[in-house]
1. What are the lysines whose alpha-carbon lies under 17 Å from the alpha-carbon of B:LYS62, with same-chain residues fewer than 8 places away excluded?
2. Please work out how much accessible surface A:MET7 shows to a 1.4 Å probe, ignoring ligands, DNA and RNA, in Å² rounded to 10.
3. Would you list which lysines come within 23 Å of A:LYS38, measuring only between C-alpha atoms, while excluding same-chain residues fewer than 8 positions from it?
4. Which stretch or stretches of region B:158-201 have amide N atoms under 17 Å from the point lying 7 Å from B:ARG222's Cα along the Cα→Cβ direction?
5. Heavy-atom accessible surface, probe 1.4 Å, ligands and DNA/RNA ignored: which residues of region B:357-388 lose at least 50 Å² versus the isolated chain?
6. Quote the relative contact order of chain B in percent (integer), defining contacts as alpha-carbon pairs under 8 Å separated by 6+ residues.
7. At 20 °C and a viscosity of 1.002 mPa s, what translational diffusion coefficient does Stokes-Einstein give for the protein assembly as shown, taking Rh as the Kirkwood radius over Cα pairs? Give it in µm²/s as a whole number.
8. At a 1.4 Å probe radius, carbon and sulfur cover how many percent of the accessible area of chain B?
Amino acid sequence: MYSKTVMDHFMNPRNVGEIENPDGVGEVGNPVCGDIMKIFLKIDDNRITDAKFKTFGCGAAIASSSMATELIKGKSLEDAWEVTNKAVAEALEGLPPIKMHCSVLAEEGIHQAINDYRARRNLAPWEEKAHAHHDEKEDCGCTTCNTG
Amino acid sequence: MEDQKLVYMDHAATTAVHPEVVKAMIPYLHNHFGNPSSIYSIAREAKEAIDSARAKVALSLKTKPDEIFFTSGGTESDNWAIKGVAFANRRRGDHIITSKIEHHAVLHTCQYLEKQGFSVTYLPVDQYGLVDPVELERSITDRTTLVSVMYANNEIGTIEPVKELASITHEYGAYFHTDAVQAVGHMPVPVDGTEIDLLSLSGHKFNGPKGTGALYIRKGVRIDNILHGGAQERNRRAGTENLAGIVGMGKAIELATTGLEEKGARIRAMRDRLISGIQELIPHTRLNGHPSKRLPGNLNISFEFIEGESMLLLLDSFGICASTGSACTSGSLEPSHVLLATGMPAEIAHGSLRLTLDVENTDEEVKYVLRTLPKVVSRLRDMSPLGKQAT
């Protein structure tokens, strides 16, 4: 049910762990729903120099965390902010529809970590695009979307 | 990974067809292919083969062959028992009682009946998954026509007090059905001496072919047909008989119920070694289901701080086939309704692992699982933001 790339990132996840003294941390998800994703960022001169994650969740959640951290490393904060859940899913060569939710978590985790960095610097948070993360027709299986 | 052998510990999901069962079936696919309803000789052979399979199923349930009706499996048997009794007795009452931990073949059938105007009570269970007979007494009324409680649960293996529940049901003049799909072939399931009126079983759970099953209907039970057509199964279940399948299921139930006690003891011993090994080697676990009133091959344990699907994927990479109650494998948002009914918090239910053993499992395999599982769990806990407490 998973693509080769998803399985590769699940079996050999990149960037697992925590960053000591991170510049930004994002934590999204909910243990009741079966997934929590925590993203740690090291930021130098407006650029993400390191990204790590810790995830409680299914194979797709772990692979999405791994791919998302790979995608944002080295990017400016502006560019990292534009990494959508779709980009994560595409880089993983697709996710089953019910698992798109996991890529949404990754996008939200990055956004939260970036805004945490901005908050620490007394900068106004960037605005989250409401429900930009999936096509209207698609049910991503995410409780936030279903109830929202 | 490549030259690794397969350790199959998901026998509650399905089993391989026993080689002797295959051997018994083959003549009925080719030489004796006749339609049992025809009158020439190859058809008579087919008819006799079905009668012989029926006798074997009846013997294993300690009942008479004319109370056994062949179906396409557990789901059809459950549908037939519940809808058939509900509709046939509708003038007497419109109330049905079942439990919260039934298989979906029962639960979804009951939900359908609710849409048809019936009222359904879903009995709660305790922390071990046991239905309390007192709860049944409290819910049953003179409008109740059917009580359906499973013989043993498919996820946590808990064996329900069906004998007692059936007696209470009869005191109120209702019928008692039990979904015994997980029990038949794995523990003695006699219907004689009990007040069970209907019992569902499925062939592929005891090394028979998929697409085979049976419903035991006690003589005199008022039940409608749900499949209408030809006169097969004494006018109760239309459709040309699944001849080879029925022969296969007959052989399979004969094999499964031979030496049942000895096999059960061997399986239970392996299962218990697995449970104590896991509890010894891995902290923060919870055994789900009843400590003693459980199917011999069933083990269901929750591992805190990790999620079940990722556990299954890693176990699969080591060649181990298992199952979980996590939502992530079910295609729904909710984790196992069975685990939730026992009062388990959703986050712990997501981390549950079910291993179901059978006679073909070996001590070597048990040791292999005990070597592999701790590595898998700690690898996922190292990745988990909740796992700090675990180390």
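1. Excluding near neighbours in sequence, the set is B:LYS163, B:LYS219, B:LYS251.
2. Estimated to the nearest 10 Å², A:MET7 gives 60 Å².
3. Within reach: A:LYS52, A:LYS54, A:LYS73, A:LYS75, A:LYS86, A:LYS99, A:LYS129, B:LYS375, B:LYS388.
4. Counting only backbone N, you get B:170-177, B:197-198.
5. B:MET383, B:PRO385, B:LEU386
6. That works out to 21 percent.
7. Result for D is 84 µm²/s.
8. Carbon and sulfur: 53 percent of the exposed surface of chain B.
The values are calculated or read from the model by the stated rules, or taken from the named source; none is laboratory data. Source: prediction; values computed, not measured. Reconstructed Cβ throughout: ideal geometry from the backbone, glycine too, with neighbour counts over all protein chains shown. Protein only, heavy atoms only, side chains kept; ligands, DNA and RNA dropped before computing areas. Shrake-Rupley method; radii C 1.70, N 1.55, O 1.52, S 1.80 Å.
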